[in-house]
1. Normalised by the residues of segment 30-109, what does the relative contact order come to in percent, with Cα pairs under 8 Å and at least six apart?
2. Would any residue of segment 14-33 have its amide N under 18 Å from a label point 7 Å out along Cα→Cβ of C159? List them or say none.
3. Hand me the chymotrypsin sites (Phe, Trp or Tyr not before Pro) from segment 14-53 located in a DSSP loop with no more than 15 other Cβ atoms within 10 Å, in residue order please.
4. Given the peptides 385-398, 198-211, arrange them by the average over their residues of other C-beta atoms within 10 Å, most packed first.
5. How high is the FRET efficiency between Q326 and D28 when r is their beta carbon distance and R₀ equals 45 Å, given to the nearest 0.05?
6. Under a cut-off of 16 Å between alpha-carbon atoms, report the aspartates and glutamates in cross-link reach of K192, not counting same-chain residues fewer than 8 places apart.
7. Helix-derived [θ] at 222 nm for the chain: sum -39500 (n - 2.57) over DSSP H runs of at least 4, divide by residue count, nearest 500?
8. I'd like the projected area of segment 323-411, averaged over all directions, using the convex hull of its alpha carbons. Report it in nm² with one decimal.
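The values are calculated or read from the model by the stated rules, or taken from the named source; none is laboratory data. Computed from a prediction, not measured in an experiment: that's the story for all the values here. Reconstructed Cβ throughout: ideal geometry from the backbone, glycine too, with neighbour counts over all protein chains shown. Accessible surface is based on the protein model in full, side chains and every heavy atom, while ligands, DNA and RNA are left aside. Shrake-Rupley method; radii C 1.70, N 1.55, O 1.52, S 1.80 Å.
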Amino acid sequence: MSWAMCGVAHSRGFPGVVLPQFTNPDTDDLYLDPPNLTLFVSIVNAGVMVGSLVTGQLLAPLGGRVVIIIGLPLGVIAWIGLVFSYQLWVLMLCRLLMGFTFALVKPSTVMYIVEVADERIRGRLVGVLCIAREIGFSSSYFMGSLKLTWRQLSLLYGCFLIPPIIALFFIPDSPRWLVARGRVTEACKSLKFFRGCHYDVEVELEGIVSQASAASNSKSSFWQQLKFLARPPTLQTFILLCTLSVIFAFQGIVTITPYLMIILDTPGTPLDPADSAVMCSLLKLSGTMVHIFLIDFIGRKPIFVVFLSYISVCNIVYGFSYTQLQEDSGAAVSWLPLISIGVLHFFSGIIVPVIDLVQGELLPTACRAVSLPLLMLSHSLAVFISLKTFLQMVDTLGMDGVFRLFTLVSLAMAVLTIVAVPETRCLSLEAISNGSNSQARPNTTVSVVTADSHDQRLSKNIVSNQGDNSSSTNVHSHSTHLI
């Protein structure tokens, strides 16, 4: 899954190393004028928005593993298409397809890992996915040292996606998705695959089946999952996550990265902006690694609140130093912009994975496949707006004014997290769902005795939930005996 995430993230960092080749007026290859150049960079976001709409309809019936298997070959086609692109429209179409692939793979990998991971290490495993994504984003800075043409680099990235395509055929589907489809026997085998042959999967499977039966009318299709999402408690959680996702796009982290060269190009800067960008990229990757050591021991909420506060301080320091450098480019002050932005990248590497993790944990299994792509759609739209308006905001407010605005947004996110976001550390997905979704019926249990009887018992329980619940006494007594 990490390999797949890294592979599709290459499309975001690809322009960083190939733009000089496209803008060289003496080139014998394709040349991009400024309007086409900005389209080449930004059209990936359009592909992400279109792909998010499709992903929501595919995840529910097919599951995360199959959607990734569909998405990765499309990525290979896009990269190979770039190799043979000799017309502008083919070039743009391939970039659009890369964004579409990213939208298919990114939420699918997060959902898959969230659903198969044990709650004690779930946060760390999602952190590993984010490390892979950061490596994919920043790879352009390092691939540029190979002196490859953009066609050779495209071929290399296309070949990089082939191994995970093959590997995905050797792992099972998520046990929670299998239970939601009524395939409980396969879910038991899947749990044994992930937990090991010496792990007793019966108790965990009991909780998964119980949760699935409680939402039995809302698990099958895209539209049924939307109905479940429309239930007031679930919708309230979704609106909270959507609000955090949209606000985060205007918080500064996602805006700073594409304009890093401009932001670091301050009077008296001690390092070349290109070298500074590499350093910031490495610091963000380091922060993501630190996240792995913190997330399952400190918790999601404290990390998000504390490091958002630290990022606010970094924004204030950059705004102050920028103002001072406009008046006097002193040697001491000239280091502050680089230090503040570098530390900001380190802290952002710690908190960015928390967003993906909390989204996967707080959304119930019965609507997670629909909700995650919708959240990515809203976030991509907000990112597009923030990137498009950044230079206009700088002209209106000044660079220091923009960073003061980033500070206010960061503090607002921290306050919203303190007030509204629950802590999910070391809780199973079923416990989290029962705590945040009052529509679920946690007292409804399904006895699990042998693997061969799982499917029959799930069917009986669903029937009893839809009928007069006359067998609830027998189910309860059997559950008590099992405990």
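1. Values: 89 pairs, mean separation 40.2, N = 80.
Here the relative contact order equals 50 percent.
2. Label zone hits: none.
3. Values: sites: F22, Y31, F40; in loops: Y31.
Taking segment 14-53 and a limit of 15 other Cβ atoms within 10 Å, the loop chymotrypsin sites (Phe, Trp or Tyr not before Pro) found are Y31.
4. On the way: 385-398: 14.0, 198-211: 18.6.
Averaged packing, sorted descending, gives the order 198-211, 385-398.
5. On the way: r = 43 Å, r/R0 = 0.96.
Between Q326 and D28 the formula returns 0.55.
6. E115, D118, E119, D173, D200, E202, E204, E206, D452
7. Working: 22 runs with 377 residues, N = 483.
So the calculated ellipticity at 222 nm is -26000 deg cm²/dmol.
8. Working: hull surface 29.3 nm².
The number I arrive at for segment 323-411 is 7.3 nm².
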